[in-house]
Amino acid sequence: MNRRVDLLKASKLLALIIVLFICFTGVISWKLENKAEGSTLSNLVKRVEDTSVLTSASKAKGNDLILVNKQNFLENDYVPENLVRPNIPFLEDCTEEEMQLQKHAAKALERLVNAAKDENITLIGSSGYRSYQTQVEVYNSYCKKKGKSYTLQYVALPGSSEHQTGLAIDITNSSRYFDKNSKEAKWLADNAYKYGFILRYLEGKTDITGYNYEPWHIRYVGKKVAKEIYNNSETLEEYLERLG
């Protein structure tokens, strides 16, 4: 009788150990998955850096033709000089940081927005300068909301964002629906170059820029260069390569 009781107790103890083991391994697995998700950014950055194909864009500091993309990174502490807030309307939820551009780009943007206003086109600033740390937050936020695949098509890795140069800004309209068929997007596509800006991520050029078409993202390069890029329907990458 005692032997049967002992065997029963042993069986129950073994079953309990098995249940606890399953629970324990499940918790560990969950933690590891969440840790991996949380470190997606750092791991991805490390993988990119390990390819040894990156160049430092910061060498061109102060140059309107500074090339920042998935192969040309800025240092974490890169901050452009002479950041100011252009006198244009911004979205109410814009941060003070985002309402800034390099001074000469800000003045050019004011002329662009005022010219649009004269033609009954209202352009609104959405996001201008972003520090490296802000880009970290933006990237992680999009990963959580949209997933990594979507994020990599539209959001730059920290250090590879043009917004950090203080020469780029996202534009929107009052409806916040700025697609290529909106009158505001059409006006911007046809007129931005007159004020020194280009549409940075053109339709059909994803294989060159690394990003999907963005009719709202403009980049200051100066009037002469902007006109040439516009007339040739090319990207900044193509222009610089042609320039040699």
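The values are calculated or read from the model by the stated rules, or taken from the named source; none is laboratory data. Values in this document were obtained by computation on a predicted structure and should not be read as measured data. Backbone-built Cβ (ideal geometry, glycine too); neighbour counts: all protein chains shown. Note: areas computed on protein heavy atoms with side chains; ligands, DNA, RNA excluded. Shrake-Rupley method; radii C 1.70, N 1.55, O 1.52, S 1.80 Å.
If the Cβ limit is 9 Å and pairs must be 6+ apart or interchain, which residue in the stretch 69-97 that is open to solvent by less than 40 Å² (accessible area, probe 1.4 Å) pairs with which residue that is aromatic (Phe, Trp, Tyr)? Close Cβ pairs satisfying both conditions: Asn69/Tyr211; Leu74/Tyr132; Tyr78/Tyr132; Pro80/Tyr129. Taken over the stretch 98-118, residues that are under 24 Å from Val138 (Cα atoms), open to solvent by 10 Å² or more (accessible area, probe 1.4 Å) and small (Gly, Ala, Ser) amount to 0.
Among what's in the stretch 202-244 and is small (Gly, Ala, Ser) and in contact (Cβ under 8 Å) with a residue 40 or more places away in the chain, pick the residue that is nearest to Leu83 (Cα to Cα). Filtering first and then ranking leaves Gly222.
The set of residues from the stretch 205-244 being touching a Phe, Trp or Tyr at 6+ places or on another chain (Cβ under 7 Å) and exposed (fewer than 14 other Cβ atoms within 10 Å of the Cβ) comprises just one member, Asn212.
In the stretch 156-244, counting only strands (runs of 3 or more DSSP E) that sit wholly within it, the ones holding 2 or more residues that are of a type in the set (A, V, I, L, M, F, W, C) and within 16 Å of Val68 (Cβ to Cβ) span 168-172, 197-201.
Residues in the stretch 128-142 that are buried (at least 16 other Cβ atoms within 10 Å of the Cβ) and either assigned to a helix (DSSP H, G or I) or free of Cβ contacts under 8 Å to residues at least 24 places away in the same chain (or both): Tyr132, Thr134, Gln135, Val136, Val138, Tyr139, Asn140, Tyr142.
Candidates in the stretch 99-127 are the residues that are free of Cβ contacts under 8 Å to residues at least 60 places away in the same chain and part of a loop (DSSP other than H, G, I, E, B); of these, the one that is nearest to Phe178 (Cα to Cα) is Asn120.
Of all residues in the stretch 143-173 being among the hydroxyl-bearing types (Ser, Thr, Tyr) and crowded, with 20+ Cβ neighbours inside 10 Å, which is farthest from the chain's Cα centre (by Cα)?
Of all residues in the stretch 143-173, those among the hydroxyl-bearing types (Ser, Thr, Tyr) come to 149-151, 154, 160-161, 165, 172.
Those still in the list that are crowded, with 20+ Cβ neighbours inside 10 Å too: 151, 160-161, 165, 172.
Working: Thr151: 8, Ser160: 8, Ser161: 6, Thr165: 12, Thr172: 16 Å.
Selected residue: Thr172.
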